[in-house]
1. Given a Förster radius of 51 Å and the C-beta distance between A:R193 and B:D196 as r, what FRET efficiency does 1/(1 + (r/R0)^6) yield to the nearest 0.05?
2. Treat each spin label as a single point 7 Å out from the Cα along the C-beta direction, and report the B:A101 to B:S45 distance in nm.
3. To the nearest 20 debye, what is the magnitude of the charge dipole of the range A:93-184 about its Cα centre, counting +1 on the Cβ of each Lys and Arg and -1 on the Cβ of each Asp and Glu?
4. Identify which of A:P13, A:P99, A:P121 has the largest mean-square fluctuation in a Gaussian network model of chain A, with springs joining Cα atoms closer than 10 Å.
5. Convert each backbone phi in the range B:114-121 into a coupling constant with the Karplus relation 6.51 cos²θ - 1.76 cosθ + 1.60 (shift: θ = phi - 60°), then list the ³J(HN,Hα) values in order as whole Hz, x for Gly and Pro.
6. Within chain A, count lysine pairs with alpha carbon atoms under 26 angstrom apart where the residues are 8 or more positions apart or belong to different chains.
7. So which residue, out of A:N130, A:N88, A:N187, gets the largest mean-square fluctuation from a GNM of chain A using Cα contacts under 10 Å as springs?
8. Can you list the residues of the range A:112-152 with backbone N under 18 Å from a point 7 Å past the Cα of A:R12, pointing along Cα to Cβ?
Amino acid sequence: MVALIGLSGCARPVSLGRLIHDPAQQAKLRLGVNSTELSEGMFRTLISWGPRQMAFVELVKKNAQGGLSVAALTDVGSTLYAVQIDPNGAIRVIRKSLPFSDQWLLDGLVAELLILWQRPPANSHLHQLNPDQRALVLQEGQGTKMYVFDRSDRWIEYQRLWRRRSQCHISLEWDSDPLPKLIRVHNSKKHYRVLRERLRRSDGSIDSGAGS
Amino acid sequence: MDIVPSYPSCAKRSVAPAWCCLLVTLLVVGIVRVTQGGTENTDTSRSEALLSSLRQSRASYDTVAVYFTQRKRLALLDVTLESKGMIFFQRPHWVRYEIIAPIQSLLLYNGKKVQNYVFSQGQWKLLRSPGAAVVGKVFRQLGSWMQGDFSADQKMFEIKVHPSEQGEGRIDLIPRSDTLREFIQRIELNVEKAPDYRVNRVTIRESDTDHTVMVFEQELNNPDIPQDTFKTPDSSAACQGLFRKAGDSTVNKVEEPTP
């Protein structure tokens with residue numbers, strides 16, 4: 001019964017609300033995703049699948065040419081993965097000690113981390129989801145990407161849909177820093193959840209949530 | 001097409017080797033035995049002497065506590081990440097391995113099973129880590145070694161000894177498995193002589209450019225360890241206090257290795 005209720009919940013289509021024609025507001029929200037300007041980020045990551053969990057540290061660094069490097073390290077220092085993204089968008093997996101495909105890694109963990117460094121597409125449309133939330137929505141065939149903003153235009157959520165059903169839901173919790181304090185990922189397609197705690201603020205100071 | 005990973009095997013292949021290597025590195029010091037086929041050196045007697053001296057000098061210690069700094073060099077990001085931690089070991093098989101900054105995580109072993117904790121959102125959380133069973137197996141093996149039982153399997157590493165003229169030296173552990181060698185080229189244990197033989201630095205070389213160096217900055221032999229050191233994360237502060245209480249006389253000056 002629980003499984004049926006869960007399945008029915010997952011299957012519920014996500015409402016895209018009402019389309020709004022307001023190019024100025026669309027541009028303002030899009031440019032408000034300001035983490036794209038940050039040179040680096042560091043997170044304590046906890047991934048859960050079924051009853052199992054694993055913790056590691058993820059780093060993102062922007063290079064002088066505008067490309068990005070991403071890596072995950074275990075607490076004892078071994079590299080779980082290292083990925084290079086060139087300015088032209090070409091992606092290379094440099095190192096990987098995880099037994100799943102490069103595509104799985106890039107489409108999942110890496111893509112979900114790098115949404116912070118990628119602005120919503122310019123051709124996305126502005127939607128009013130409810131009185132408190134608006135979204136930039138990009139529909140490509142059966143797939144949809146949604147960037148949800150609160151009443152104060154703060155980006156609080158990202159969703160990837162397929163046929164209007166959520167495949168991946170990411171919520172962002174902010175404080176005064178340009179990087180979110182907490183990122184929660186629920187990837188219902190790949191059946192995992194991720195909690196990312198910011199380890200280092202953009203001024204270089206250390207956060208206390210995951211450490212001393 | 002997306003591939004749903006087999007997570008338990010993921011843990012066996014990625015997490016466990018890292019732990020295995022590190023824990024072997026940390027715990028096997030002084031109790032490894034050179035086999036004829038596994039040793040490559042120009043002076044076998046000096047190599048044997050180094051291992052023997054190391055083994056004998058550690059034999060009188062039932063409990064060891066080490067405070068370390070770990071520096072991870074990652075060439076791709078052009079960064080060196082530093083963390084601090086401590087290791088407690090008590091014969092026959094109790095282990096506490098804790099990272100204390102900038103993140104906090106803890107691994108406890110009681111001779112039967114491994115418990116893996118992380119400090120997240122302001123509190124300790126016990127993880128159901130899929131690699132725990134494998135790590136526990138390694139610990140059991142190490143416990144046997146610590147008690148002088150060398151019949152346990154030592155096929156994981158080829159051991160190369162590089163003794164110096166002064167009686168000190170370096171012991172290299174080279175993974176025999178091709179799979180493990182994909183992730184770790186070599187583990188180097190730096191052995192110093194004074195005041196007695198001990199490992200003061202461990203270098204784990206992942207590739208020609210990436211490596212992790214653990215420097216054992218402070219070592220306490222047969223200390224009175226805090227209650228529940230091997231049982232709970234709550235004794236973290238007391239464990240850290242042990243090193244402060246011991247004072248500067250126990251602090252080691254260890255030179256950084258050449259990359």
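1. For A:R193 and B:D196, the calculated efficiency is 0.55.
2. Taking the two extended label points, one gets 4.9 nm.
3. With only Lys, Arg, Asp and Glu charged at Cβ, the dipole is about 280 debye.
4. Of A:P13, A:P99, A:P121, the most mobile in the Gaussian network model is A:P99.
5. 9, 10, 10, 10, 10, 8, 9, 6
6. Lysine pair count for chain A: 17.
7. A:N88
8. Inside the label zone: A:129-133.
Just so you know, all these numbers are worked out from the coordinates, no wet-lab data involved. Quantities reported herein were computed from a predicted structural model and do not represent experimental measurements. Neighbour counts are summed over all protein chains in view; Cβ atoms, including those assigned to glycine, are modelled from backbone coordinates with ideal geometry.
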